[in-house]
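Okay, structure first, notes after.
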Amino acid sequence: MISFSDVSKRYPGGQESLTEVTFTLEPGEFAFVAGRSGAGKSTLLKLIPAIERPSSGTVLVNGQNVGALRRAALPYLRRNLGLVFQDQKLLYDRSVFDNVALPLAFSDHSPREAARRARAALDKVGLLGRERANPVQLSGGEQQRLAIARAVVNRPATLVADEPTANLDAESARAILQIFFAFNQVGVTVLIATHDEALLEGCARRVLRLAGGRLLS
Amino acid sequence: MRTWLRHHWQALALALSKLLAHKPATLLNAIVIGVALALPASGYTLLANLLGVTQRFAPQPQLSLFLRLETTRPELDAVRARLRADARIAAVRFVSRDQALKGLRATEGLADVAAALGQNPLPDAYVVRAHDLAPDALDALASDLRKIPGVAHVQLDSAWARRLAAIAATGRIATGLLAALLAVGLIAVTFNTIRLQILTHAEEIEVSRLIGATDGYIARPFYYLGLLQGVAGGLVALAILWLAIAVLNLGVQDLADSYGSAFRLAFLGAGDACAMIGFAGLLGWLGAYLSVSKHLRQIS
């Protein structure tokens, strides 16, 4: 469960990106965070894995107050979250397989188990058979799918994705969204930030609308 | 425990692969570190050889009482009695002039000199070992022994060895200072190498952090990199030292042969060589640790 309670975030310099945001995302729920550029979507998502800390208010992730977590505890929080970044953050000096297997290197899996899980994650996003390719050789949509595979390889209970369909054509964007729906159907909580109103059309899912850092009712 | 060991093994393998991926840079770094380490190591080795020589020739300070050539048997006995009665003296050994000549003939490099002598010019002598080996006590004893009738000359045999030991001690301090100075240099070299490695891998470090890598996991390959770089430098230093000793021994051999001696400069013992490699590795690790502590925080 993810719970925001009167959360505000002010960056050094005085600019307030989020103002008194309150919402709860139940386990297994699927929700969008929508809003125009600068509305505070990315900031909101960054507060969940404690990439940013709230200036005030409380962010609870599975009962943990992430704003109060010590630096040493952050890796363990992040391993239980699947994060898909706006710029994907792929490593272009490594193969597709190595990118997906990276989160497993930190955990307790044996090399054989890690390889099995990495292939399974690639299979789920339709990239099995491209293990040896370099991410540069993949299309934009495939790179996004690779980023999703890396996010789910540790089988997290929650997926948090920041603009995962940005810079993709409508068809690719729909395909990416279908992958998230598939994970949600097996019980994974999903929170996706998007500025693309067209993407929300036809999706009967909860939408958290942000404007000027405030959550609209 | 198995996971911990596997993570260390992976970090070591990654560090090795990084070193091997940039062979020219690795080699140059190892040479820089090796040359820096070879200087104090050479000083240490030469001092060890010097101390070996001094200990061979003067294991303990002793006083030699040379009697007048015309000393008679009763006078000899009287001197012996005086020496035996002195409480400050621990042991007395008589060396007759015939024994002294025999010893001279047996001494490396002096056999020719002894053979050239027409008659035995050496006096009878007593070699005395004192209870108190302090320099002042030995000087006082020597002064008193000179007053015994029949004694022509008293020589404190350890004086030269003590001077040599003092020179060696000074040399040891100088070597230690040089080693400390160059150790700082080695740490600085490793610090900078690791800084560049961290900057090169900034993106990978950032991504790893975001998806759940601990600081320890991220830092470990850099620690191993510093350690391996230090060890490689230590091995290069040993190679330089071995080569230097081999070349120096060509000259030492000629010099020693001219004295009829088989003396040669000895290489570091196995223990010292291992300690040197370990020390180099430790300094490399320390440089990496300092660099990682400073630069890893800057990547977030």
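The values are calculated or read from the model by the stated rules, or taken from the named source; none is laboratory data. Remember, predicted model here, so these are calculated numbers, not experimental data. Heads up, the Cβs are rebuilt from the backbone with ideal geometry, glycines too, and the neighbour counts pull from every protein chain shown. Please note that ligands, DNA and RNA were not included when accessible areas were found on the heavy atoms of the full protein model with its side chains. Shrake-Rupley method; radii C 1.70, N 1.55, O 1.52, S 1.80 Å.
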| request: Find the residue count for segment A:78-89, including only residues that are more than 8 Å from chain B (Cβ to nearest Cβ) and open to solvent by less than 30 Å² (accessible area, probe 1.4 Å). | output: 4
| field | Qualifying residue in segment B:14-34 (condition: polar (S, T, N, Q) and within 14 Å of chain A (Cβ to nearest Cβ)) | value | yes
| Do we find a residue being farther than 22 Å from B:LEU225 by Cα, in contact with a helix residue (DSSP H, G or I) (Cβ under 6 Å, 6 or more places away or on another chain) and surrounded by 14 or more Cβ atoms within 10 Å (Cβ to Cβ) anywhere in segment B:135-149? | yes
| For segment A:184-209, what are the residues that are assigned to a helix (DSSP H, G or I) and within 19 Å of A:VAL61 (Cα to Cα)? | A:ASN184
| message | Being over 17 Å from A:GLY28 (Cβ atoms) and either of a type in the set (A, V, I, L, M, F, W, C) or within 13 Å of the chain's Cα centre (by Cα) (or both) narrows it down to one residue among A:ALA193, A:ALA204; which is it? | response | A:ALA193
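Restrict the check to segment A:14-30 and report whether at least one residue is away from chain B (no Cβ under 14 Å) and in a helix (DSSP H, G or I).
The answer is no, given that none of the residues of segment A:14-30 is away from chain B (no Cβ under 14 Å) and in a helix (DSSP H, G or I).
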| message | Looking for something within 26 Å of B:ALA188 (Cα to Cα) and open to solvent by 30 Å² or more (accessible area, probe 1.4 Å) - is there at least one such residue anywhere in segment B:92-114? | response | no
| field | B:ILE198 being farther than 30 Å from B:LEU76 by Cβ, within 14 Å of another protein chain (Cβ to nearest Cβ) and of a type in the set (A, V, I, L, M) | value | no
| message | Looking at the structure I just gave you, is B:ALA232 more than 14 Å from chain A (Cβ to nearest Cβ), modelled with pLDDT of 90 or more and touching a helix residue (DSSP H, G or I) at 6+ places or on another chain (Cβ under 7 Å)? | response | yes
| remark: Filtering segment A:101-110 down to residues that are touching a residue at least 40 places away in the same chain (Cβ under 8 Å) and either away from every other protein chain (no Cβ under 11 Å) or open to solvent by 50 Å² or more (accessible area, probe 1.4 Å) (or both) yields A:ALA101
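Based on what the data block shows, is A:VAL96 modelled with pLDDT of 95 or more and either within 13 Å of chain B (Cβ to nearest Cβ) or under 19 Å from A:LEU44 (Cα atoms) (or both)?
no
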| field | Residue count, segment B:54-91 (criterion: under 25 Å from B:ASP272 (Cα atoms) and loosely packed, with under 14 Cβ neighbours inside 10 Å) | value | 4
| message | I want to confirm something. Restricting to segment B:278-294 and keeping residues that are touching a residue at least 60 places away in the same chain (Cβ under 8 Å) and open to solvent by less than 20 Å² (accessible area, probe 1.4 Å), which single residue is nearest to B:VAL207 (Cα to Cα)? | response | B:VAL292
| query | Does A:LEU44 fit the bill of being at the interface with another protein chain (Cβ under 10 Å from one of its Cβ atoms) and surrounded by 19 or more Cβ atoms within 10 Å (Cβ to Cβ)? | reply | no
| Within the bounds of segment A:109-118, is there any residue that is among the acidic types (Asp, Glu) and part of a loop (DSSP other than H, G, I, E, B)? | no
| task | Return the residue satisfying two criteria in turn: it lies in segment A:57-71 and is open to solvent by 60 Å² or more (accessible area, probe 1.4 Å) and in a helix (DSSP H, G or I), and of such residues it is farthest from the other protein chains (Cβ to nearest Cβ). | result | A:ALA68
| Which helices (runs of 4 or more DSSP H) sit wholly inside segment B:116-225 and have at least 2 residues that are under 30 Å from B:ALA36 (Cα atoms)? | B:159-200
| task | Go over the candidates A:GLU131, A:GLU113, A:GLU142 one by one and state the one that is open to solvent by 10 Å² or more (accessible area, probe 1.4 Å), within 13 Å of another protein chain (Cβ to nearest Cβ) and out of contact with any strand residue (DSSP E or B) (no Cβ under 7 Å at 6 or more places or on another chain). | result | A:GLU113
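Results for (1) surrounded by fewer than 14 Cβ atoms within 10 Å (Cβ to Cβ); (2) touching a residue at least 24 places away in the same chain (Cβ under 8 Å), shown as yes or no for each residue.
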site: B:ILE194; (1), (2): no, yes
site: B:TYR223; (1), (2): no, yes
site: B:GLY233; (1), (2): no, yes
site: B:ASN249; (1), (2): no, no
site: B:ASP257; (1), (2): yes, no
site: B:LEU268; (1), (2): no, yes
site: B:MET276; (1), (2): no, yes
